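**Q** Take a look at the following structure, please.
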């Protein structure tokens, strides 16, 4: 895996950076040299600020309900609902809340929002500003799945995990891709540690810039990983297939327990809330 | 140049004060005034002590009933996590002639340090074996110990391990002399001595200590009845932070970190040390905040108000063998606070305007154990004046004769008298709240034949009541 730690401008000044970048060149998005400018997608096509109180905008968001198959494939412990107790917009932020309660045979409830069939896009900059919850067994995620998943089941559809995080590791972010030959526990992942800070005490921006044959992972103003078909080939000894040249949709959820994070323990405090300030998508 | 500037500022401050006095007109504080701040260096020991007193290690009392061992402390130039040297502590065996445990403090050699810019005490530690160090912390200065913080049961590894002890509220530590505190014995090693090393000891700003969860009364919500004048202490004071490792680290925090509140100051007041005094009738809730975060746990006091004086006994002294009463000379002295294993009882000898009474709270079982047996052959009755603190107060008194061997023998499974012991049990309940009732218990049952070695009154249940004028008499 090629690892890069390239400082980019703060998100707040990205627009300016982008203007400069556009002025300088037509962006192919394929640069891999150390001096690249990464804020290359500037045309805002989705600007979800969660400004309307109540339930999320049904024209953009759907919900996965229930426990899926085998706890959504990960032995997760929560039952997903669309009740306001688990998902609600208040004061301009989206609250996804995991609760400890008996519900439909599960010990926890929470919510999972998806944009399938409502917002799907190939390439672009996808980012969300989120304050994460904490505690053993708490597993929030901001991620994407290939829009052809109904015809082309996972892992063939592909998965991009922009943000995953274990509540018991409050300073560590995980960004991953999954595809044929590299999925589940063998996904191609990289952790980023927030030095002298943590993700549950303030908002942070989690994003990717995704173009033909590259995905850049960043948090706040730090680009911490770039993945390309060459990386997939290296990581899988040529077995893996790059499945990211097609439209994907967005998911946001707060899972409890499961194989990635382990079960909550007696010290895990409930409820736990993932607070989303905005979700934005840019394209060229 | 720097000195000159300082002098200059002082001069200006003095001058401006002078002007203020001379003109004696009202004015705001000068923008030029800067409060003195103290040394803000966080280092305590790197390869040598940093800014500590010449003694470096100030031991607990090596004399006294539980002597600390001052000999096991030093530095080690052969062991270090970083650099060339570490602190070496040899924990003695309990029977060591120099003292059975080791502990003490490191003090800042100056006026104290400004620790407001840090959020934790950190150090690396390793042991010669996987023992547990009883207590480590800071804020103990062998004077007020005002901002003492203690973390308990630090697990040693035989390799270096970083320990993080969060500061409950750094803003309080503007001038702290107590840089480090530890206390170690061999409880975890079955009495075998061991060695541990500490290196890179300092206060740090980690930035990843979060999710404070303070508690009083260990997070319990406790309800307790009371009368005017009874005092309680806020106990079980802790602060818990979630560390970057995901571990919830709890420390014992001194009362000075907390802000205590009584919801009704006409019922009870609480001071900054967490000392509560009941002052009036009614209900109040004692709660606390630490750095503006509400602490879990509370004490809910239901006060009956003024405790009336117990009734004056009508019996003449010649007919009385007294156990506890200001009206009579004791026939026998008693242990009023016996240590019965498993007892939850709190006992307070309360000076009710010169007529002392016994206040029992949260009683499951306790007793009044006579120092010598009492021959009650000529007595017929036991009197107890009872003031119930709850409407439902129900306390069983077990009058125990301990028999010729004069040993209190109780079957640990049944609670019944064992061996040559006998008792008479009497349930006191259904009393009118808010007043004293004189309860007279006849010495009948098994006591008819055996009451020449009366040894104890066992008190079961209640759980909240006040006793006075406890005496045997002859009808």
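**Q** If you average the sequence gap of Cα pairs under 8 Å that are 6 or more apart and divide by the length of segment B:139-293, what percent do you get for the contact order?
**A** Relative contact order here is 24 percent.
**Q** Once the mean 1/r over all distinct Cα pairs of segment B:43-204 is inverted, what Kirkwood radius in angstroms do you read off?
**A** Evaluated over segment B:43-204, this radius sits at 15.7 Å.
**Q** Counting only helical runs of four or more DSSP H residues, what would the 222 nm mean residue ellipticity of chain B come to if each run contributes -39,500 (n - 2.57) and the total is spread over all its residues?
**A** Taking each H run of at least 4 residues, the total per residue is -1500 deg cm²/dmol.
**Q** Work out the mean other chain Cβ neighbour count within 10 Å for the residues of A:158-168 and drop it here as an integer.
**A** The mean count of partner-chain Cβ atoms within 10 Å per residue comes to 1.
**Q** Once you sort the root eigenvalues of the Cα gyration tensor of segment B:307-436 as a ≥ b ≥ c, which label holds: rounded (a/c under 1.5), prolate (a/b larger than b/c) or oblate (the other case)? Please list the in-between numbers first.
**A** Working: a/c = 1.70, a/b = 1.19, b/c = 1.43.
Verdict is oblate for segment B:307-436.
**Q** Using Cα atoms only, what is the angle between the long axis of helix A:14-24 and the major principal axis of chain A, expressed in degrees (0 to 90) to the nearest 10?
**A** Rounded to the nearest ten degrees, it is 20.
**Q** Tell me the angle of helix B:2-23 to the major Cα principal axis of chain B, expressed in degrees between 0 and 90 and rounded to the nearest ten.
**A** Relative to chain B, helix B:2-23 is tipped by roughly 60 degrees.
**Q** In peptide A:135-143, what is the residue-averaged number of other protein chain Cβ atoms found within 10 Å of each Cβ?
**A** Mean inter-chain Cβ contacts per residue within 10 Å come to 1.
**Q** More than 34 angstrom separation, counting every C-alpha pair in the protein assembly as shown; what % is that?
**A** Value for the protein assembly as shown: 66 percent of Cα pairs lie more than 34 Å apart.
**Q** Tell me what chain A gives for mean residue ellipticity at 222 nm when only DSSP H runs of n ≥ 4 count, each as -39,500 (n - 2.57), the sum divided by the residue total, rounded to 500 deg cm²/dmol.
**A** On the way: 2 runs with 18 residues, N = 284.
My calculation for chain A gives -2000 deg cm²/dmol from helical runs alone.
**Q** Rounded to two decimal places and with Rh computed the Kirkwood way over Cα pairs, what is Rg over Rh for segment B:217-303?
**A** 1.04
**Q** Shielding by partners for A:190-202, please: the mean number of other protein chain Cβ atoms within 10 Å of each residue's Cβ. Don't skip to the end; give the middle numbers.
**A** Working: counts 0, 0, 0, 2, 3, 4, 7, 5, 9, 2, 4, 6, 1.
Counting other chains' Cβ atoms within 10 Å and averaging over A:190-202 gives 3.
**Q** Let me ask something else about it. Could you grab the relative contact order for chain B? Cα pairs under 8 Å, six or more apart, rounded to a whole percent. Write out the running numbers ahead of the final one.
**A** Working: 1211 pairs, mean separation 55.0, N = 475.
Contact order relative to length: 12 percent.
**Q** Follow-up question, since we're still on this one. Using the 2.2 N^0.38 Å rule of thumb for compact globular proteins, work out how chain B stacks up: its C-alpha Rg over that value, please.
**A** 1.29
**Q** Throw me the Rg/Rh for chain A, computed over C-alpha atoms with Kirkwood Rh, two decimals.
**A** Radius of gyration relative to Kirkwood radius: 0.95.
The numbers here are math on the coordinates, done by the rules we state, and not lab data. For clarity, every value in this text was computed on a predicted model and none was experimentally measured. Don't worry about glycine lacking a Cβ; one is built from the backbone with ideal geometry, like all the others, and counts go over all protein chains shown.
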